[in-house]
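Here's the structure we're looking at; comments come further down.
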Amino acid sequence: MRASKRIKRKLKHPISFLLMLLLVVSSFSNITLANSTNKEDAEMSKNTPKRPFPQHVTYTEGTIKPNHVTQEEMDATVARLYDEWKERYLKQNPYDKNQYYVFYNHNGESTNDPREAITVSEAHGYGMVITALMAGHDPDAKKYFDGLYRYFRAHPSEINPHLMAWQQAIINDEIVDVNGVDSALDGDMDIAYSLLLADKQWGSNGDIDYLKQGKLVIDAIMESEIHQTDYYLKLADWASDNSDTYGIATRPSDFMLQHLQAFKMESGDTRWDKVIDKTYSIINDVFAEYSPNTGLLPDFLLKDKDSGKFKPAHPWFLESSRDGDYYWNSSRVPWRITTDYLVTGDERAKDQLSMLNSWIRETTGNNPANIKRGYKLDGTQLTTSAGDAAFSAPFTVSAMMDDANQQWLNDLWDYNVSKETAKGAYFANNIRMLSMIIVSGNWWSPTEVSLDYLNNLLEYYIAIGEVNGPLTNQLTNSLKQAEHQYFKGHQEQAIKSLEDFIKHISNKALQKNITPEAKRILIENAEVLIQLWAD
């Protein structure tokens, strides 16, 4: 018996030791697994879109969308067009797998340039905007966007390195800048806007600080592509303010007024107000003087030295004999200018756009297939050729302004989405892609703030654990109070609730319950909403 007891005692210690060892190993494994899981969750959080497609944005009151197809059908069509667009145009850099670009030369678009040309900054801007907006549908959207960003940064303008060199080609197994290592305004504006979208889509605490980079591009546009005295949009960074040839020029297809509104709000630079005011002034001056019966704007405008006002460019000013007509550049005008009205409600171009819609319906007999490839400003057609989505898709966007255009809008939708991507040219397919995102109600502004959006943003951060603990109820209740007061018409109390929302976020004792990125974005959006309500 004693021997037996002794044996048991001797065995007790090794068993305890083994149990302790097992517990230590198990605890270490759990800690390692937990850390690994936390890292994976954090990585997933960075890649998870906060505003995934589809978004179903409500545009300015009184505007319309196609009503002969369901929202689900429109979303599915846009998703299909994106898949076809990505397959045809989004290409990986063969010499750097971390970069992507938008190939634009399937159909010999570069016949008069280097035949080896692969892309231009205009195409690149389109691609960055498209991938940012289609995140959610495409699980790899962030990978593509980041690759496009890296390509953009690999090809800076020699004049202002925060802008993009406008054209590249593959020559001797290398992607090189060609036709001048300088910028083009339209590509730079879309790139800047896309980076603001990316900040709201994925946040800026990953490998790329989208917001910081976007602000750098915005500041570079102001410095190098805005006339420093008269505050109009120039053609590029190579167009000197002092040039009597190119410094006096602007291009209506660059009149991306909603982009400009976003630049103003994100940068805080009040000079953007001057640019916006000047751009609307130019639109209305040209409309009144040169196209009162059509609303058409030309490819290029030049500032008259005597009057100080802008007039249509002369033939061969820059690109073709049609530089003073509504041609390939200005085919984008109905889309670019209308977008600002849809998103911000700014009515300063409403008369011009309304005339444009009225005129195009009348001249085509309400048949989208009759939209020609170019017109003089008085409405005289330049060619009998028709059927190009580069001209018809933008009119789909402008048709959204008024319910009097409902059947016209429905017909334009059907006409444009029925065109085969594989048979179209780069220009038409990219313009159609962006136009249909807008028409389907899936274009959103990176600076647009609403109570619904702030609620959705908070719910998102709670769901992924970036807002947690007691802060969750405090912030949720503050927004409920803000909503309750706002819809009762008690604006001051609603603002007070949002101010409480910010105070809770800033409470030093609760900083462990919110990540720095969630804190920054929630405060930024609450402050913008307070400003909107205060105004």
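Roughly how many debye, to the nearest 20, is the charge dipole of the stretch 116-234 about its Cα centre, given +1 on each Lys and Arg Cβ, -1 on each Asp and Glu Cβ, and no other charges?
Numbers: 8 positive and 20 negative charges, 91 e Å.
For the stretch 116-234, the charge dipole is close to 440 debye.
If you place +1 on the Cβ of every Lys and Arg and -1 on the Cβ of every Asp and Glu, how big does the dipole about the Cα centre of the stretch 310-412 come out, in debye to the nearest 20? Before the final figure, lay out the partial values.
Details: 10 positive and 13 negative charges, 57 e Å.
Approximately 280 debye in magnitude.
Keeping the other protein chains in place, figure out the carbon and sulfur percent of the accessible area of the chain, with a 1.4 Å probe. Could the numbers behind the result be given before it?
Working: 11690 of 23390 Å².
Exposed carbon and sulfur together represent 50 percent of the surface.
If you consider only alpha-carbon coordinates, what radius of gyration and Dmax does the stretch 139-198 have, in Å?
Reported Rg and Dmax, both Å: 12.2, 36.
How far apart, in nm, are the 7 Å Cα→Cβ label points at His314 and Asp403?
The answer from the label model is 5.0 nm.
Report the charge-dipole magnitude of the stretch 379-535 in Debye, nearest 20, computed about the Cα centre from +1 at each Lys and Arg Cβ and -1 at each Asp and Glu Cβ. Walk me through the numbers before you get to the answer.
Values: 11 positive and 18 negative charges, 105 e Å.
Roughly 500 debye for the stretch 379-535.
Along the principal axes of its C-alpha atoms, what lengths does the stretch 83-161 span, in descending order and rounded to whole Å?
Principal axes ranked by extent give 38, 31, 22 Å for the Cα atoms.
Please give the helix 406-417 orientation as an angle from the longest Cα principal axis of the chain, in degrees from 0 to 90, rounded to the nearest 10.
70
What is the pair-distance distribution P(r) of the chain, computed from all Cα-Cα distances in 20 Å bins starting at 0, with each bin given as a whole percent?
It works out to 20, 51, 21, 5, 3, 1, 0, in whole percents.
Pairwise over distinct Cα atoms, reciprocal of the mean inverse distance: report the Kirkwood radius of the stretch 366-506 in Å, one decimal place. Working shown, then result.
Numbers: mean 1/r = 0.0528 Å⁻¹.
Across the stretch 366-506, the inverse of the average 1/r is 18.9 Å.
Kindly report the accessible area of the chain per residue (heavy atoms of protein chains, probe 1.4 Å, no ligands, DNA or RNA), in Å². Provide the component values of the computation, followed by the final result.
Values: 23390 Å² over 535 residues.
Using a 1.4 Å probe on heavy atoms only, each residue of the chain averages 44 Å².
Could you sort the peptides 305-316, 125-136, 89-100 by per-residue average Cβ neighbour count (10 Å cutoff), highest mean leading? Mind dumping the intermediate values first?
Numbers: 305-316: 13.8, 125-136: 26.6, 89-100: 15.8.
Per-residue mean Cβ counts within 10 Å order the peptides as 125-136, 89-100, 305-316.
Say each of Glu223 and Asp285 gets a label point 7 Å from the Cα, pointing the same way as Cα to Cβ; how far apart are those two points in nm?
According to this spin-label approximation, the distance is 2.8 nm.
Is the shape of the stretch 166-250 rounded, prolate or oblate, going by the alpha carbon gyration tensor and its root eigenvalues a ≥ b ≥ c, with a/c under 1.5 for rounded and a/b larger than b/c for prolate? All intermediate terms of the calculation are to be shown ahead of the outcome.
Details: a/c = 3.10, a/b = 1.23, b/c = 2.52.
Taking the square roots of the gyration eigenvalues as a ≥ b ≥ c, the stretch 166-250 is oblate.
Mean shadow of the stretch 371-448, computed from the convex hull of its alpha carbons, in nm²? Please report the intermediate quantities before stating the final value.
Details: hull surface 26.4 nm².
For the Cα atoms of the stretch 371-448, the hull's average projected area reads 6.6 nm².
Just the C-alpha atoms of the stretch 450-535: what Rg/Rh do they give, with Rh taken as the Kirkwood radius? Please report the intermediate quantities before stating the final value.
Numbers: Rg = 12.0 Å, Rh = 12.7 Å.
Across the stretch 450-535, the Cα-based Rg/Rh ratio is 0.95.
Per 0.36 nm of contour for each residue apart, how much would the distance between Ile523 and Lys274 grow if the chain were fully extended, relative to their Cα-Cα spacing?
Numbers: separation 249, 0.36 × 249 = 89.64 nm, distance 2.74 nm.
Here the answer is 86.9 nm.
Going by alpha carbons, how many degrees (0 to 90, nearest 10) lie between the helix axis of 491-506 and the longest principal axis of the chain?
50
What FRET efficiency comes out for Glu174 versus Asn242 if R0 is 51 angstrom and r is the Cβ-Cβ distance? Round to the nearest 0.05.
Working: r = 36 Å, r/R0 = 0.70.
So, using R0 = 51 Å, E works out to roughly 0.90.
Taking amide H atoms as placed 1.01 Å from N in the peptide plane, list the residues 5 or more away in sequence, or in a different chain, whose amide H sits under 5 Å from that of Asp138.
Long-range HN contacts for Asp138: none found.
Looking at the chain, what % of its DSSP beta bridges pair antiparallel, to the nearest 5? It would help to have the intermediate numbers written out before the result.
On the way: 20 of 21 bridges.
Here the share of antiparallel DSSP bridges comes out near 95 percent.
Say each of Asn98 and Trp533 gets a label point 7 Å from the Cα, pointing the same way as Cα to Cβ; how far apart are those two points in nm?
A separation of 4.4 nm, rounded to one decimal place.
Which angle between 0 and 90 degrees, to the nearest 10, do you get for helix 2-47 versus the longest principal axis of the chain when only C-alpha atoms count?
It is inclined by approximately 10 degrees.
Let a ≥ b ≥ c be the square roots of the eigenvalues of the Cα gyration tensor of the stretch 305-410; is it rounded (a/c under 1.5), or, if not, prolate (a/b larger than b/c) or oblate? Let's see the in-between values first.
On the way: a/c = 2.07, a/b = 1.22, b/c = 1.69.
Oblate, since a/c reaches 1.5 and b/c is not below a/b.
Pull up the cross-link candidates among the aspartates and glutamates for Lys350, meaning alpha carbon to alpha carbon under 13 Å and not fewer than 8 places away within one chain.
Asp340, Asp402
Label the stretch 73-229 by shape, choosing from rounded, prolate and oblate, from the square roots a ≥ b ≥ c of the eigenvalues of the Cα gyration tensor; if a/c is under 1.5 it is rounded, and otherwise prolate applies when a/b is larger than b/c, oblate when it is not. Provide the component values of the computation, followed by the final result.
Values: a/c = 1.61, a/b = 1.08, b/c = 1.49.
Judged from the Cα gyration tensor, the stretch 73-229 comes out oblate (a/c at least 1.5, b/c at or above a/b).
Work out, step by step, the length gained on full extension between Leu382 and Asn370: first 0.36 nm times the residue separation, then minus their alpha carbon distance; give nm to one decimal. Don't skip to the end; give the middle numbers.
Working: separation 12, 0.36 × 12 = 4.32 nm, distance 1.30 nm.
So the extension gain works out to 3.0 nm.
Putting +1 on Lys and Arg Cβ atoms and -1 on Asp and Glu Cβ atoms, find which of His124, Ala141, Ala422 reaches farthest to the positive end of the dipole of the chain.
Positive-end residue among those listed: Ala141.
Work out how much length Lys305 to Ala463 would gain on full extension: take 0.36 nm times their residue separation and subtract the Cα-Cα distance, in nm to one decimal.
Numbers: separation 158, 0.36 × 158 = 56.88 nm, distance 5.93 nm.
Difference between extended and current length: 50.9 nm.
Hey, what did the stretch 405-535 get for relative contact order, percent, Cα under 8 Å, at least 6 apart?
Working: 85 pairs, mean separation 30.9, N = 131.
In percent, rounded to a whole number, it is 24.
Taking a cut-off of 16 Å between Cα atoms, list the aspartates and glutamates near Lys91, but don't count ones fewer than 8 places away on the same chain.
Output for Lys91: Asp83, Glu116, Glu122, Asp138, Asp140, Asp146, Asp173, Glu174.
The values are calculated or read from the model by the stated rules, or taken from the named source; none is laboratory data. Since we're looking at a predicted model, the values are computed, not measured. As a convention, Cβ positions derive from the backbone with ideal geometry for all residues, glycine included, and neighbour counts pool all protein chains shown. Side chains are part of the model used for accessible areas, which takes the heavy atoms of the whole protein and leaves out ligands, DNA and RNA. Shrake-Rupley method; radii C 1.70, N 1.55, O 1.52, S 1.80 Å.
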